[in-house]
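Heads up: the structure comes next, in structure tokens.
The values are calculated or read from the model by the stated rules, or taken from the named source; none is laboratory data. In this text, all values refer to a predicted model and were calculated from it rather than measured experimentally. Neighbour counts run over all protein chains shown; Cβ positions are idealised from the backbone, glycine included.
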Amino acid sequence: MSMRDLTVAGRTVQLYEAGEGTPVLYLHGIADMHGAAAGPFPFHEALATDVKLIAPAHPGCVGSDEDNSLESIEDLMFHTLEVMDALGLEKAAIVGNCIGGWVAAEIAARNPERVGKLVLIGAPGLFVSGSPTGDLFMAVQPLNGGIADLRAMLFADGEGELAQDLFPDQHRDKEQGMLRYQIFRCIARFGFKPPYFYHRKLRDRLYRFKGPALVLHGADDAFVPPDYAAAYGEGFSDASVETIAGAGHAVILERPDEVAGKIAAFLKE
Amino acid sequence: MHPVRLFCWHFMAYPHLPEDFDEKYESAWVTVPNRLWDRQRTKGIYQEYLDQLVYADELGFDGMVLNEHHQNAYGLMPSPNLLAAALTQKTKNGKIVVLANLPPMYLNPLRIAEEYAMLDNMSNGRLIAGFAVGGGPESFNYNVPSPHGRRRLWEAIDLIVKSWTDDGPFEHEGPCYPMRYVNVWPRPQQEPHPEVWVPGSRSIESMEEVARRGYRYFLSSRSHGGGTRMAAKEFAGVMEKHGKTYTPFHMGVLMSVYVAETDEQAKAESQEGIWYFLRNCLKGHLRKEGRSMTFGPGVPSQSLRSWEAFLNAPRSSGSLLGDAETWEELEERNSIIVGSPETVRRKLWEFIEDAQVGNLLIQFQFGNMKDALARKSMKLFAEEVAPALRRDSGELFAKVFPQLGDEMPVEAAQ
């Protein structure tokens, strides 16, 4: 594995790379590498056993430069396309978690020719009437000095060790506090304003992606309700949907081997 | 002589929160349920608060201050301009300070240019035009991403001021507010335009923007004593860098005061209102207890550099005004000054002498404080504290800031 910097449109993009073989672009989320920790989690290492995993950090996250012109999901999508261009990835499998899943879905709808296989994990991005996403921004604001609300939104067991370790009430160290601020500042640019974490027209455009898609979702996801997975499943022409019982939004951290295994099997098919 | 300018600031708190509010509710902001609004007990509330400001004008204060907050029990002024309009018709002399309107919250800043221009005419040129970015609660209220706030604020301010000074119609290109026709009617009465005030909480970025344009900086952080002096020094330094000379009138600061006949009486009379203000009104804003909405990763307006500095700062520096648990702790902070006319005069004089800030914006009414007490405090202040402060500050400023001169109006310092 290695971390390296790439220059895209004059800005530094920090990149994590691991494994050998077919390149797979990994777009991260909040409870994820680049979001909650600078390095990879067991999930990423498991995923990289059979493929070459390439994971850029979104603008402003970890060592990636901020982009003050970023103000919509479309901007983040074009940025990611530019990252693909810079990497020489004409067409690649894309695995997107959380916000990264939404970006992956946008790319698949807009430039289906750039996407081989598509994996979405706990992805927001669609308008599902009556099922709004949770308010992450309020949940991360301390209540009586703690952020139990954020942990409960991201994990099936918000008071469990994993959740407490990654999102403690106190900034355990400066790095963790910084990383959290960075990812929230990045996603606030497009997700804080209406319509928050969806793009109303995306659902009707998903059909444009004809390749195989795997849609994974924690059954207890309190940030992105599980019916988003069903909606993605209906929207794509060739998708299978799997809901993972007992897991929350941070399903890659809560069930690393299970999720990595399903993805590896899907990519091998 | 250029004595300190003394303004009366009213926050217009909701005064009828239930006794168990602090136990039951996490915030007085954004999520505070509006079923708590009591239609019977609030009859006449705006009249009472407005009349206190009219009284301030009669008592000879230099102006009345209003501000903008939404969906909260701290301040019932989602539209300060409506109250300012009422004041234009009921007051005669004092400045009407709207501190501030929040341009980032609006789709079209021309509405603010128009309303401020109307207020300036309606008040016969007495408007001071404030512009602010809005804090965390306001971001939640109006769904504005905090990282975009500053950019929107400064584009809006520049567009508004240009709409007052340049001949229209002209086209504005954006990027935040592209506008085909900018052609504000009426134009403001003051030339070239009303004084512009911009609040900040000591960030260098804000000071730079304010100083570069020659506007007035208002320190909104309620950090008194040493904090204000440091801010004044920093701002003076930034002004100098932009080829301008600092005078005390380039800066304002928020104070809170209660005056009564004796120290003991002042404490006895003001306690209930002050604790209501601290425990209830500041919950969700300047208190650790409850949901803190004012700053943090959910409303990330600070740059990454500023946040890093915040994380590196010692824990103790994070203590907020609303965290005070005892009266003694409150007195140490010097944010709320309570006492006899002599005590209040002495403490304010020490502050003026130390910080050399020329605009004191003073809160007299706290939380659920009764009308009669707020008025008595204002009257004692105006009659027994203000004259000495004006005399002493006029002499001090003349000595320390000779460039103020005798004839030179404050505005020329721009």
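Checked against (1) crowded, with 19+ Cβ neighbours inside 10 Å; (2) more than 19 Å from A:ASP32 (Cβ to Cβ); (3) touching a helix residue (DSSP H, G or I) at 6+ places or on another chain (Cβ under 7 Å), A:VAL259 passes all but condition (2).
Test of understanding: among B:ASN143, B:ASN81, B:ASN124, which residue is among the polar types (S, T, N, Q) and within 20 Å of the chain's Cα centre (by Cα)?
B:ASN81
Scanning the stretch A:223-244 for residues that are within 17 Å of A:LEU136 (Cα to Cα) and buried (at least 21 other Cβ atoms within 10 Å of the Cβ) gives A:PHE223, A:VAL224, A:TYR228.
Can you tell me how many residues within the stretch B:225-234 are closer than 20 Å to B:ARG305 by Cβ and surrounded by fewer than 18 Cβ atoms within 10 Å (Cβ to Cβ)? Of the residues in that region, 2 qualify. Out of curiosity, is A:PRO212 within 14 Å of chain B (Cβ to nearest Cβ) and of a type outside the set (A, V, I, L, M, F, W, C)? So A:PRO212 fails the test.
Buried (at least 18 other Cβ atoms within 10 Å of the Cβ), on the phi > 0 side of the Ramachandran plot and modelled with pLDDT under 95, is that true of B:GLY149?
Numbers: buried (at least 18 other Cβ atoms within 10 Å of the Cβ): yes; on the phi > 0 side of the Ramachandran plot: no; modelled with pLDDT under 95: yes.
Taking the combined requirement at face value, the residue does not satisfy it.
Can you tell me which residue among A:ASP85, A:ASP157, A:ASP65, A:ASP149 is surrounded by fewer than 20 Cβ atoms within 10 Å (Cβ to Cβ), at pLDDT 95 or above and within 13 Å of chain B (Cβ to nearest Cβ)?
On the way: A:ASP85 fails: within 13 Å of chain B (Cβ to nearest Cβ); A:ASP157 fails: within 13 Å of chain B (Cβ to nearest Cβ); A:ASP149 fails: surrounded by fewer than 20 Cβ atoms within 10 Å (Cβ to Cβ).
It is A:ASP65.
For the stretch A:93-112, indicate whether the set of residues that are within 14 Å of chain B (Cβ to nearest Cβ) and at positive phi is non-empty.
Kept after step one, since they are within 14 Å of chain B (Cβ to nearest Cβ), are these residues of the stretch A:93-112: none.
Looking for residues that are within 14 Å of chain B (Cβ to nearest Cβ) and at positive phi, one finds none in the stretch A:93-112, hence no.
Restricting the stretch A:193-219 to residues that are more than 19 Å from the chain's Cα centre (by Cα) and assigned to a helix (DSSP H, G or I) leaves a set whose member that is surrounded by the most Cβ atoms within 10 Å (Cβ to Cβ) is A:ARG205.
Can you report the number of residues in the stretch B:280-310 which are within 14 Å of chain A (Cβ to nearest Cβ) and either more than 27 Å from B:GLY149 (Cα to Cα) or not in a helix (DSSP H, G or I) (or both)? Walk me through how you get there before you give the answer.
Going residue by residue through the stretch B:280-310, those that are within 14 Å of chain A (Cβ to nearest Cβ) are B:283-310.
Checking the rest, the ones that are also either more than 27 Å from B:GLY149 (Cα to Cα) or not in a helix (DSSP H, G or I) (or both) come to B:283-303.
Adding up the residues that qualify gives 21.
Considering the stretch B:46-69, and only residues there that are closer than 27 Å to B:PHE140 by Cα and in contact with a strand residue (DSSP E or B) (Cβ under 9 Å, 6 or more places away or on another chain), the residue that is surrounded by the fewest Cβ atoms within 10 Å (Cβ to Cβ) turns out to be B:GLU68.
Give the residues of the stretch A:73-100 that are assigned to a helix (DSSP H, G or I) and touching a Leu at 6+ places or on another chain (Cβ under 6 Å), sorted by residue number. Within the stretch A:73-100, A:ALA86, A:GLY100 qualify.
Would you check if there is a residue in the stretch B:324-335 being part of a helix (DSSP H, G or I) and within 18 Å of the chain's Cα centre (by Cα)?
No.
Scanning the stretch A:230-259 for residues that are in contact (Cβ under 8 Å) with a residue 60 or more places away in the chain, outside any loop (DSSP other than H, G, I, E, B) and within 28 Å of A:ASP135 (Cα to Cα) gives A:ALA231, A:TYR232, A:GLY235, A:VAL251, A:ILE252, A:LEU253, A:GLU254, A:PRO256, A:VAL259. Residues in the stretch A:33-62 that are in a loop (DSSP other than H, G, I, E, B), more than 11 Å from every other protein chain (Cβ to nearest Cβ), in contact with an Asp or Glu (Cβ under 9 Å, 6 or more places away or on another chain) and small (Gly, Ala, Ser): A:ALA38, A:ALA48. Residues in the stretch B:121-146 that are facing chain A (nearest Cβ under 7 Å) and either in contact with a His (Cβ under 6 Å, 6 or more places away or on another chain) or on the phi > 0 side of the Ramachandran plot (or both): B:ASN143 alone.
When every residue of the stretch B:18-40 is checked against the conditions, none turns out to be under 30 Å from B:LEU396 (Cα atoms), of a type outside the set (A, V, I, L, M) and either in contact with a strand residue (DSSP E or B) (Cβ under 6 Å, 6 or more places away or on another chain) or in contact (Cβ under 8 Å) with a residue 24 or more places away in the chain (or both). Considering the stretch B:236-265, the residues that are touching a Leu at 6+ places or on another chain (Cβ under 9 Å) and more than 30 Å from B:PHE140 (Cα to Cα) include one that is surrounded by the fewest Cβ atoms within 10 Å (Cβ to Cβ), namely B:GLU261. So which residues in the stretch B:134-163 are of a type outside the set (S, T, N, Q) and under 17 Å from B:GLY75 (Cα atoms)? Result: B:GLY134, B:GLY135, B:GLY136, B:PRO137, B:GLU138, B:PHE140, B:TYR142.
Hey, any hits in the stretch B:355-365 for a residue that's without any contact (Cβ under 8 Å) to a residue 60 or more places away in the chain and under 21 Å from B:GLY227 (Cβ atoms)?
For the stretch B:355-365, residues without any contact (Cβ under 8 Å) to a residue 60 or more places away in the chain and under 21 Å from B:GLY227 (Cβ atoms): absent.
When restricted to residues that are within 23 Å of A:MET138 (Cβ to Cβ) and among the hydrophobic types (A, V, I, L, M, F, W, C), the stretch A:248-269 contains 3. Could you tell me whether the stretch A:160-175 includes any residue that is acidic (Asp, Glu), in contact with a Pro (Cβ under 9 Å, 6 or more places away or on another chain), within 13 Å of chain B (Cβ to nearest Cβ) and within 30 Å of B:HIS285 (Cβ to Cβ)? Yes; the residues of the stretch A:160-175 include at least one that is acidic (Asp, Glu), in contact with a Pro (Cβ under 9 Å, 6 or more places away or on another chain), within 13 Å of chain B (Cβ to nearest Cβ) and within 30 Å of B:HIS285 (Cβ to Cβ).
Return yes or no: is B:LEU373 aliphatic (A, V, I, L, M), at pLDDT below 95 and surrounded by fewer than 22 Cβ atoms within 10 Å (Cβ to Cβ)? Walk me through it before giving the result.
On the way: aliphatic (A, V, I, L, M): yes; at pLDDT below 95: no; surrounded by fewer than 22 Cβ atoms within 10 Å (Cβ to Cβ): yes.
Here the answer is no, as B:LEU373 does not meet what is asked.
Close contacts from the stretch A:112-131, counting a first residue that is crowded, with 24+ Cβ neighbours inside 10 Å and a second that is part of a loop (DSSP other than H, G, I, E, B) and of a type in the set (Val, Ile, Thr), with Cβ to Cβ under 7 Å and a gap of 6+ residues or different chains, come to A:GLY122/A:VAL224; A:ALA123/A:VAL224; A:PRO124/A:THR133; A:PRO124/A:VAL224.
Name, by its number, the condition in (1) of a type outside the set (Phe, Trp, Tyr); (2) at negative phi; (3) surrounded by 23 or more Cβ atoms within 10 Å (Cβ to Cβ) that does not hold for A:GLY60. Status for A:GLY60: all satisfied but (2). Taking the numbered list (1) assigned to a helix (DSSP H, G or I); (2) closer than 26 Å to A:VAL51 by Cβ; (3) away from every other protein chain (no Cβ under 14 Å) in turn, A:VAL119 passes all entries but (1). Note on the stretch B:188-224: residues that are within 26 Å of B:GLY94 (Cα to Cα), among the charged types (D, E, K, R) and buried (at least 19 other Cβ atoms within 10 Å of the Cβ) total 2.
Of all residues in the stretch A:35-45, those satisfying the criterion of being under 15 Å from A:SER2 (Cα atoms) and crowded, with 18+ Cβ neighbours inside 10 Å are A:ALA38, A:PRO40, A:PHE41, A:HIS44.
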